[in-house]
Amino acid sequence: MGNSQKYIDELYNKPSGYKFNDSEVETIVNHLKKNKHNYRGRYAFYRSNSVNNFKLVFIIDQCFNSMRRSGVENHWEFVCDRPLTNLELTELAQNFGCHNKRFIVYYYKDIDFMIEEDLKYNVETPTSFVNESISRGYKIN
């Protein structure tokens, strides 16, 4: 194992309250960028028993290229996906080691709020997802 991987492992094992300095965040971001094909932002609908209870979902999948489908994916109906932005990778780096789950999930009640959140990351919400949301009864104000 190389020294850089050993250093990444040390950073990963820091206590959850540890605040990474700028140099450490940069090192982690570079590590994440080397493996960026594993990270993907995915837009989906949460499946529920009632057709009227669909929820809008944005998921950061940290193992996108996995050969094996995760069972939790059965709860979501995926519409589209996109690469993560540098800002999203930086946020993952700042929270490196704090979560050990494959998916980071954000639920939204309306499409307007999701579009607004995407704009904070300089991302335009995919039109295919917006159109599908509108066809399912979510309105844009």
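Which one is nearest to H31 (Cα to Cα), of the residues in the stretch 116-141 that are β-branched (V, I, T) and buried (at least 16 other Cβ atoms within 10 Å of the Cβ)? Can you show your working first?
Kept after step one, since they are β-branched (V, I, T), are these residues of the stretch 116-141: 123, 125, 127, 130, 134, 140.
Still in the running and buried (at least 16 other Cβ atoms within 10 Å of the Cβ): 123, 125, 130.
Numbers: V123: 23, T125: 27, V130: 32 Å.
Residue satisfying both the conditions and the ranking: V123.
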* In the stretch 40-61, which residue that is touching a strand residue (DSSP E or B) at 6+ places or on another chain (Cβ under 7 Å) and not hydrophobic (A, V, I, L, M, F, W, C) is modelled with the lowest pLDDT? -> R47
* Condition broken by F113, with the remaining ones in (1) closer than 14 Å to F129 by Cβ; (2) surrounded by fewer than 13 Cβ atoms within 10 Å (Cβ to Cβ); (3) in contact (Cβ under 8 Å) with a residue 24 or more places away in the chain satisfied -> (3)
* Of the criteria (1) surrounded by fewer than 12 Cβ atoms within 10 Å (Cβ to Cβ); (2) in contact (Cβ under 8 Å) with a residue 40 or more places away in the chain; (3) of a type in the set (D, E, K, R); (4) within 27 Å of I8 (Cβ to Cβ), which one D81 fails -> (1)
* Structure fact -> For the stretch 112-137 the number of residues that are within 19 Å of I60 (Cα to Cα) and touching a strand residue (DSSP E or B) at 6+ places or on another chain (Cβ under 6 Å) is 4
* Between a first residue in the stretch 21-37 that is under 10 Å from Q94 (Cβ atoms) and a second residue that is surrounded by 13 or more Cβ atoms within 10 Å (Cβ to Cβ) and among the polar types (S, T, N, Q), which pairs have beta carbons less than 7 Å apart while being 6 or more apart in sequence or on different chains? -> V25/T90; V25/Q94; V29/T90
* Asked: Quick one: is N21 of a type in the set (S, T, N, Q), surrounded by fewer than 19 Cβ atoms within 10 Å (Cβ to Cβ) and at pLDDT below 85?
  -> no
* To do: With the condition kept exactly as written, say whether any residue in the stretch 89-107 is touching a residue at least 12 places away in the same chain (Cβ under 8 Å), closer than 19 Å to N30 by Cα and in contact with a strand residue (DSSP E or B) (Cβ under 8 Å, 6 or more places away or on another chain).
  => yes
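Can you go through K14, K34 and tell me which one is farther than 19 Å from K109 by Cα, surrounded by fewer than 14 Cβ atoms within 10 Å (Cβ to Cβ) and out of contact with any helix residue (DSSP H, G or I) (no Cβ under 6 Å at 6 or more places or on another chain)?
Working: K14 fails: surrounded by fewer than 14 Cβ atoms within 10 Å (Cβ to Cβ).
Of the residues listed, the single one that is farther than 19 Å from K109 by Cα, surrounded by fewer than 14 Cβ atoms within 10 Å (Cβ to Cβ) and out of contact with any helix residue (DSSP H, G or I) (no Cβ under 6 Å at 6 or more places or on another chain) is K34.
The values are calculated or read from the model by the stated rules, or taken from the named source; none is laboratory data. From a predicted model like this one, the values you see are computed outputs, not experimental measurements. With ideal geometry, Cβ positions are generated from the backbone for all residues, glycine too; neighbour counts draw on all protein chains shown.
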